[in-house]
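S.K.: I'd like to ask you about the structure that follows.
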Amino acid sequence: MTDGPASSAPRLDVERLRRDFPILAQTVRGRKLVFLDSGASAQKPRQVIEAMVRCMEERYANVHRGAYFLSEAATEAYEAARGAVARFLNAADPREVVFTRNSTEAINLVAHAWGRGVMRPGQAVLVSEMEHHANLVPWQMLRDDGRGIALRVCRVTDDGELDLEDLAAKLADGKVGLVAVTHMSNVLGTVTPAERIVAMAHAAGAKVLLDGSQAAVHRRVDVQAIGADFYCFTGHKLYGPTGIGVLWARLEHLDRMPPFLGGGDMIASVTLERSEWAPPPAKFEAGTPAIVEAVGLHAAVDYVTALGWPAIEAHERALVDRAMRRLSGIEGLRLLGRAQDRGGVFSFALDNAHPHDLSTLLDRAGIAVRAGRHCAEPLHARFGLEGGTCRASFGLYTTEEEVDFLAEALVKAREFFG
Ligand SMILES: Cc1ncc(COP(=O)(O)O)c(C=O)c1O
């Protein structure tokens, strides 16, 4: 069990919940910290920190191995985390939840086990122009390893939406075996129409993997309602620790897929000649897993769930509206993406300012934003911004005053850079 968050009221009491995040109380370069880089990695509430410390101080041992008290307790905590994630995603069965190191590993797992183990030569994987490299490079590697699997890319519109006409065109010949697209862009903030994509892909005979690394933080995700085949997210963006991520997949798919990594804990039996695999999810969790991190992720999931999605989503909408209003009025500032459905991620370029110089200037004001191409080089090339952008991304603890503060700092920066 973990402590509840500071508030479970329908409106987020942001000032109060900020006190759960010890790191936010500090000053940076003599200024109040304004942390606007949660899209890269979110800060941790003390409920997560304390759950991990408690695990190490009171309940730590290896899992699935020992018939003694501590090992049983650790195993129970690890499997309880799986149950919590299954409820968080509304999965039909906790065995559909595979713990990985992060989203990147979850996608590589699918590329290896489904791409190499189940897909057939002549089939294609369809990604989009707005993918994070984590959902592009593994598919390029699959294409390039000589198995005859092609890679197609769905276009993004000038507004930063997934081009559904192009998606339909690229599905039309029935050769796409897997559509692998983001559920929310880490650059544009665009939330893609997951259920529509799934319906289109399934009608064309393709399976669907959704990269929920950003979406799972900003929206309630119901994998059964979405109807996808694979869904992944990463713990550290969801206020949990690094070193743990989640792959959700339909049990029938996990049953069909060969293992990704071999070793202890993923086998049913081993002789010197051959091995038989354990049933999922163990089949995909070779070696000692991230035990303490799973406990931390459990606490993070409990924390977010107790705050309540209606309150989280309302807070996010207020921040997005405020940011749209304040940032779009700044002369010389180009905002990327104008999607109808978007979350709290804003990438921008300021005339005459290199993104690294701009972020350094913002840092002097205590504002942390990310600068560069945010692991989405093809998307930056698509918008003619090869030099990169700055990105402000919001979390539960972001306030409307912080959005104003960013806008004011950008106005000053524009004067500075001329
Ligand atoms: C959309 C998206 N996909 C995948 C990832 C990769 O996450 P991780 O580095 O935790 O594997 C990120 C992280 O920035 C992301 O934003």
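FYI, it's all coordinate maths here, none of it is from the lab. Note that the structure is predicted; figures quoted are calculated from it, not measured. Here the Cβ positions follow ideal geometry from the backbone for every residue, glycine too, while neighbour counts run over all protein chains shown.
S.K.: Between Pro310, Pro280, Pro45, which gets the highest mean-square fluctuation from a Gaussian network model of the chain, Cα cutoff 10 Å?
M.R.: Pro310
S.K.: For the stretch 376-418 and the stretch 94-110, compute the distance between their C-alpha centroids and round to whole Å.
M.R.: So the two Cα centres are separated by 31 Å.
S.K.: Put +1 on the Cβ of each Lys and Arg and -1 on the Cβ of each Asp and Glu in the chain; which of Phe35, Asn352, Gly205 then has its Cα farthest toward the positive end of the dipole?
M.R.: Farthest along the dipole direction, towards plus: Asn352.
S.K.: List the relative contact order of the chain as a percent without decimals, with contacts defined as Cα pairs under 8 Å and 6+ residues apart. Before the final figure, lay out each step's value.
M.R.: Details: 835 pairs, mean separation 97.4, N = 418.
Rounded, it is 23 percent for the chain.
S.K.: Sticking with this structure for a sec: Go through the stretch 304-395 and name the GluC sites (Glu not before Pro) that are in a DSSP coil and have 11 or fewer other Cβ atoms within 10 Å of their Cβ.
M.R.: Numbers: sites: Glu313, Glu316, Glu331, Glu386; in loops: Glu331, Glu386.
Here the sparse-neighbourhood loop sites are Glu331, Glu386.
S.K.: To continue, here is another question. Under 20 Å Cα-Cα from Lys32, which aspartates and glutamates qualify once same-chain neighbours fewer than 8 residues away are excluded?
M.R.: Partners found: Asp13, Glu15, Asp20, Asp363, Glu400, Glu401, Glu402, Asp404, Glu408.
S.K.: If you count, for each residue, the other Cβ atoms within 10 Å and average over each peptide, how do 52-63, 397-408, 175-186 line up from highest to lowest?
M.R.: Going from most to least packed, we get 175-186, 397-408, 52-63.
S.K.: Among rounded, prolate and oblate, which fits the stretch 1-151 when a ≥ b ≥ c are the square roots of the eigenvalues of its C-alpha gyration tensor, a/c under 1.5 means rounded, and a/b larger than b/c means prolate?
M.R.: On the way: a/c = 2.43, a/b = 1.39, b/c = 1.75.
Oblate shape, in that a/c is at least 1.5 and b/c is the bigger or equal ratio.
S.K.: Let me have the relative contact order for the stretch 240-364, percent, based on Cα pairs under 8 Å that are six or more residues apart.
M.R.: Reported relative contact order: 18 percent.
S.K.: For the chain, what does the helix formula give at 222 nm: sum of -39500 (n - 2.57) over DSSP H segments with n ≥ 4, over the residue count, nearest 500 deg cm²/dmol?
M.R.: My calculation for the chain gives -11500 deg cm²/dmol from helical runs alone.
S.K.: About its Cα centre, how strong a charge dipole does the stretch 51-305 have in debye, to the nearest 20, once Lys and Arg get +1 and Asp and Glu get -1 at the Cβ?
M.R.: Its charge dipole is roughly 340 debye.
S.K.: Still on this structure, I have one more. I need the shape label for the stretch 51-305. Rule: rounded when a/c is under 1.5, else prolate if a/b > b/c, else oblate, with a, b, c from the alpha carbon gyration tensor.
M.R.: Verdict is oblate for the stretch 51-305.
S.K.: Next question. Can you list the lysines whose alpha carbon is less than 20 Å from that of Lys283, not counting same-chain residues fewer than 8 positions off?
M.R.: Partners found: none.
S.K.: Taking the stretch 271-303, which GluC sites (Glu not before Pro) meet the DSSP loop condition and have no more than 10 other C-beta atoms within 10 Å?
M.R.: Of the GluC sites (Glu not before Pro), the ones in loops of the stretch 271-303 whose Cβ has at most 10 other Cβ atoms within 10 Å are Glu273.
S.K.: Give the shape of the stretch 170-258 as rounded, prolate or oblate, defined through the alpha-carbon gyration tensor: a ≥ b ≥ c are the square roots of its eigenvalues, a/c under 1.5 means rounded, and otherwise the shape is prolate if a/b is larger than b/c and oblate if not.
M.R.: oblate
S.K.: A further question follows. Pick from Cys154, Cys375, Cys232: which residue has the top mean-square fluctuation in a GNM of the chain where Cα pairs under 10 Å get a spring?
M.R.: Cys375
S.K.: For the stretch 127-238, what does the relative contact order come out to in percent, with C-alpha contacts under 8 Å and a separation of six or more? Intermediate results must be reported in sequence, preceding the final value.
M.R.: Numbers: 162 pairs, mean separation 25.2, N = 112.
Dividing the mean separation by the residue count of the stretch 127-238 yields 22 percent.
S.K.: Can you tell me which aspartates and glutamates have their Cα less than 13 Å from the Cα of Lys207? Leave out same-chain residues fewer than eight positions away.
M.R.: Glu195, Asp229, Glu252
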